[in-house]
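Q: The following block contains the structure, expressed as C-alpha coordinates.
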Amino acid sequence: AADKKKAAKFQEKDPGARAGLRVEDERKATSLPFEGRWNGLAYEISYVAKEAGTMDLHVWAATRKPASGDSPELGGAMIEQRTPLPGSPFSVHVSEGNASAVGSSVGEAEAGKQGAGFVAGENVILRPQIRDSFGNASNPPEGALSAEHIFPANEKNVDTWEELPPPKLKGGLGSYELVIEPTRAGAHFVHIK
(Lines give C-alpha, C1' and ligand atoms only; values in the text may rest on other atoms or scores of the structure.)
Protein backbone atom coordinates (compact mmCIF):
# COMPACT_ATOMS: atom_id res chain seq x y z
CA ALA A 1 0.00 0.00 0.00
CA ALA A 2 2.87 2.37 0.80
CA ASP A 3 4.33 1.83 -2.68
CA LYS A 4 1.01 2.74 -4.30
CA LYS A 5 0.85 5.95 -2.28
CA LYS A 6 4.41 6.85 -3.31
CA ALA A 7 3.54 6.17 -6.96
CA ALA A 8 0.42 8.33 -6.69
CA LYS A 9 2.44 11.17 -5.12
CA PHE A 10 5.08 10.79 -7.82
CA GLN A 11 2.39 11.21 -10.49
CA GLU A 12 0.80 14.14 -8.69
CA LYS A 13 4.11 15.99 -8.36
CA ASP A 14 5.29 15.31 -11.91
CA PRO A 15 2.68 13.59 -14.10
CA GLY A 16 4.94 13.96 -17.14
CA ALA A 17 7.93 12.19 -15.56
CA ARG A 18 6.51 8.67 -16.00
CA ALA A 19 5.20 9.52 -19.46
CA GLY A 20 8.64 10.94 -20.23
CA LEU A 21 10.09 7.44 -20.23
CA ARG A 22 7.57 6.41 -22.88
CA VAL A 23 8.16 9.62 -24.85
CA GLU A 24 11.91 8.95 -24.80
CA ASP A 25 11.29 5.49 -26.32
CA GLU A 26 9.06 7.12 -28.96
CA ARG A 27 11.84 9.56 -29.84
CA LYS A 28 14.16 6.65 -30.62
CA ALA A 29 11.59 4.49 -32.46
CA THR A 30 11.89 3.96 -36.21
CA SER A 31 9.10 5.59 -38.19
CA LEU A 32 6.87 3.56 -40.47
CA PRO A 33 6.77 4.72 -44.08
CA PHE A 34 3.79 7.02 -44.57
CA GLU A 35 2.39 9.62 -46.94
CA GLY A 36 1.34 13.02 -45.67
CA ARG A 37 -0.52 15.88 -47.33
CA TRP A 38 -2.27 19.07 -46.36
CA ASN A 39 -6.03 19.14 -46.82
CA GLY A 40 -6.96 22.72 -46.05
CA LEU A 41 -5.79 23.36 -42.50
CA ALA A 42 -5.59 19.63 -41.63
CA TYR A 43 -2.57 17.44 -42.29
CA GLU A 44 -3.63 13.92 -43.37
CA ILE A 45 -1.36 10.93 -42.87
CA SER A 46 -1.82 7.52 -44.48
CA TYR A 47 0.22 4.35 -44.20
CA VAL A 48 -0.13 0.68 -45.12
CA ALA A 49 -0.53 -1.54 -42.06
CA LYS A 50 1.12 -4.91 -42.65
CA GLU A 51 0.57 -6.64 -39.30
CA ALA A 52 -2.90 -7.67 -38.10
CA GLY A 53 -3.90 -7.01 -34.49
CA THR A 54 -4.58 -4.18 -32.07
CA MET A 55 -1.71 -1.78 -31.64
CA ASP A 56 -0.83 1.72 -30.54
CA LEU A 57 -0.15 4.20 -33.32
CA HIS A 58 2.21 6.93 -32.09
CA VAL A 59 2.05 10.21 -33.98
CA TRP A 60 4.44 13.05 -33.25
CA ALA A 61 5.70 16.27 -34.71
CA ALA A 62 9.38 16.07 -35.60
CA THR A 63 11.61 19.12 -35.68
CA ARG A 64 15.34 19.40 -36.20
CA LYS A 65 17.53 21.70 -34.21
CA PRO A 66 21.29 22.18 -34.02
CA ALA A 67 23.18 20.12 -31.47
CA SER A 68 24.40 22.24 -28.57
CA GLY A 69 26.90 24.79 -29.80
CA ASP A 70 26.88 23.53 -33.43
CA SER A 71 26.11 25.86 -36.28
CA PRO A 72 23.91 24.36 -39.03
CA GLU A 73 25.29 26.93 -41.49
CA LEU A 74 28.76 25.45 -40.98
CA GLY A 75 27.57 21.85 -41.34
CA GLY A 76 27.08 21.24 -37.62
CA ALA A 77 25.21 18.25 -36.26
CA MET A 78 21.43 18.35 -36.12
CA ILE A 79 19.22 16.64 -33.53
CA GLU A 80 15.65 15.51 -34.27
CA GLN A 81 13.14 16.34 -31.56
CA ARG A 82 9.81 14.50 -31.44
CA THR A 83 6.78 15.90 -29.63
CA PRO A 84 3.76 13.56 -29.33
CA LEU A 85 0.52 14.94 -30.77
CA PRO A 86 -2.34 15.35 -28.27
CA GLY A 87 -4.08 11.99 -27.78
CA SER A 88 -1.11 9.98 -29.10
CA PRO A 89 -0.81 7.03 -29.05
CA PHE A 90 -4.02 6.11 -30.84
CA SER A 91 -5.41 2.58 -30.55
CA VAL A 92 -5.75 0.98 -34.01
CA HIS A 93 -7.24 -2.41 -34.87
CA VAL A 94 -5.96 -3.90 -38.13
CA SER A 95 -7.74 -6.93 -39.62
CA GLU A 96 -6.04 -9.51 -41.80
CA GLY A 97 -6.22 -8.99 -45.55
CA ASN A 98 -7.75 -11.25 -48.18
CA ALA A 99 -6.33 -14.77 -48.43
CA SER A 100 -3.48 -14.97 -50.91
CA ALA A 101 -1.41 -17.78 -52.39
CA VAL A 102 1.63 -15.51 -52.02
CA GLY A 103 1.71 -15.72 -48.21
CA SER A 104 0.21 -19.22 -47.80
CA SER A 105 2.03 -22.52 -47.35
CA VAL A 106 1.52 -26.23 -46.74
CA GLY A 107 3.46 -27.94 -43.96
CA GLU A 108 5.24 -31.27 -44.31
CA ALA A 109 2.96 -34.20 -45.15
CA GLU A 110 2.28 -36.43 -42.15
CA ALA A 111 1.48 -40.15 -42.14
CA GLY A 112 -1.86 -41.01 -40.55
CA LYS A 113 -0.32 -43.88 -38.56
CA GLN A 114 3.05 -44.14 -36.86
CA GLY A 115 5.67 -45.85 -38.95
CA ALA A 116 8.46 -45.32 -41.43
CA GLY A 117 7.36 -43.26 -44.41
CA PHE A 118 4.07 -43.42 -46.26
CA VAL A 119 2.35 -46.72 -47.01
CA ALA A 120 -0.27 -47.28 -49.75
CA GLY A 121 -3.75 -47.34 -48.24
CA GLU A 122 -2.86 -45.22 -45.19
CA ASN A 123 -3.99 -41.65 -44.71
CA VAL A 124 -1.65 -38.77 -45.49
CA ILE A 125 -2.44 -35.50 -43.75
CA LEU A 126 -1.66 -32.10 -45.28
CA ARG A 127 -2.02 -28.88 -43.28
CA PRO A 128 -2.33 -25.74 -45.40
CA GLN A 129 -1.85 -22.43 -43.58
CA ILE A 130 -3.68 -19.70 -45.44
CA ARG A 131 -2.31 -16.16 -45.09
CA ASP A 132 -2.74 -12.74 -46.65
CA SER A 133 -0.02 -11.21 -48.82
CA PHE A 134 1.70 -9.79 -45.69
CA GLY A 135 1.86 -13.16 -43.89
CA ASN A 136 -1.08 -12.66 -41.48
CA ALA A 137 -3.30 -15.73 -40.96
CA SER A 138 -6.47 -15.32 -43.01
CA ASN A 139 -9.57 -17.36 -43.89
CA PRO A 140 -10.61 -17.36 -47.55
CA PRO A 141 -14.30 -16.96 -48.40
CA GLU A 142 -16.34 -20.16 -48.09
CA GLY A 143 -15.94 -22.32 -51.19
CA ALA A 144 -12.76 -20.53 -52.35
CA LEU A 145 -10.39 -23.45 -51.58
CA SER A 146 -10.18 -26.49 -53.81
CA ALA A 147 -7.78 -29.43 -54.09
CA GLU A 148 -6.80 -32.05 -56.64
CA HIS A 149 -4.73 -35.21 -56.38
CA ILE A 150 -2.53 -36.40 -59.26
CA PHE A 151 -1.68 -40.11 -59.09
CA PRO A 152 1.52 -41.68 -60.42
CA ALA A 153 1.36 -43.06 -63.98
CA ASN A 154 -0.61 -46.30 -64.31
CA GLU A 155 0.31 -49.40 -66.35
CA LYS A 156 -0.68 -47.52 -69.53
CA ASN A 157 1.78 -44.77 -68.51
CA VAL A 158 -1.04 -42.27 -68.02
CA ASP A 159 -1.30 -39.94 -65.04
CA THR A 160 -4.73 -39.84 -63.46
CA TRP A 161 -6.21 -37.29 -61.10
CA GLU A 162 -9.18 -36.74 -58.85
CA GLU A 163 -10.81 -33.68 -57.38
CA LEU A 164 -10.61 -33.79 -53.60
CA PRO A 165 -13.01 -32.30 -51.09
CA PRO A 166 -11.78 -28.83 -50.09
CA PRO A 167 -9.50 -28.60 -47.05
CA LYS A 168 -11.43 -28.25 -43.77
CA LEU A 169 -10.87 -25.50 -41.25
CA LYS A 170 -8.99 -26.99 -38.28
CA GLY A 171 -7.88 -24.95 -35.32
CA GLY A 172 -7.17 -21.24 -35.56
CA LEU A 173 -7.50 -18.60 -38.21
CA GLY A 174 -6.24 -19.84 -41.59
CA SER A 175 -5.37 -23.36 -40.34
CA TYR A 176 -6.78 -26.11 -42.56
CA GLU A 177 -6.40 -29.84 -42.94
CA LEU A 178 -6.71 -32.17 -45.93
CA VAL A 179 -6.60 -35.97 -45.65
CA ILE A 180 -5.89 -38.18 -48.67
CA GLU A 181 -5.56 -41.95 -48.95
CA PRO A 182 -3.11 -42.81 -51.74
CA THR A 183 -3.41 -46.44 -52.94
CA ARG A 184 -0.79 -46.45 -55.69
CA ALA A 185 2.98 -46.52 -55.06
CA GLY A 186 5.03 -43.66 -56.51
CA ALA A 187 5.13 -39.88 -56.47
CA HIS A 188 1.80 -38.19 -55.77
CA PHE A 189 1.02 -34.51 -56.23
CA VAL A 190 -1.66 -32.56 -54.40
CA HIS A 191 -2.56 -29.07 -55.60
CA ILE A 192 -4.41 -26.83 -53.18
CA LYS A 193 -5.85 -23.78 -54.88
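Q: Enumerate the amide H contacts of residue 59 below 5 Å, restricted to partners 5 or more residues apart or on another chain; note that Pro and chain-start residues carry no placed amide H.
A: 85, 90
Q: Quick one: Karplus J couplings for segment 34-42, per residue in order, coefficients 6.51, -1.76, 1.60, θ = phi - 60°, nearest Hz, x for Gly and Pro?
A: 8, 10, x, 7, 7, 10, x, 8, 9
Q: Sorted by accessible area with a 1.4 angstrom probe, largest first, how do 131, 37 fall?
A: The ranking, largest first, comes out as 37, 131.
Q: Taking H as built 1.01 Å from N, whose amide H comes closer than 5 Å to the amide H of residue 104, not counting residues under 5 places away?
A: Those lying under 5 Å, H to H, from residue 104 are 131.
Q: Something else about it: Local charge sum around residue 179 (other residues, Cβ-Cβ under 11 Å, Lys/Arg +1, Asp/Glu -1)?
A: Once positives and negatives cancel, what remains is -1.
Q: Short version: ³J(HN,Hα) in whole Hz for each residue of segment 172-182, in order, from phi by Karplus 6.51 cos²θ - 1.76 cosθ + 1.60 (θ = phi - 60°), x for Gly and Pro, what are they?
A: Coupling constants for segment 172-182: x, 3, x, 8, 10, 9, 9, 10, 10, 10, x Hz.
Q: In whole Hz, with x marking every Gly and Pro, tabulate ³J(HN,Hα) for segment 130-143 from phi via Karplus 6.51 cos²θ - 1.76 cosθ + 1.60, θ = phi - 60°.
A: Coupling constants for segment 130-143: 8, 9, 7, 5, 9, x, 7, 4, 8, 9, x, x, 4, x Hz.
Q: Express the relative contact order of segment 107-193 as a whole percentage, based on alpha carbon pairs under 8 Å and six or more residues apart in sequence.
A: 34 percent
The values are calculated or read from the model by the stated rules, or taken from the named source; none is laboratory data. On a predicted model such as this, the values are computed, not experimentally measured, just so you know. Don't worry about glycine lacking a Cβ; one is built from the backbone with ideal geometry, like all the others, and counts go over all protein chains shown. Calculation scope for accessible area: heavy atoms of the full protein, side chains included, ligands and nucleic acids excluded. Shrake-Rupley method; radii C 1.70, N 1.55, O 1.52, S 1.80 Å.
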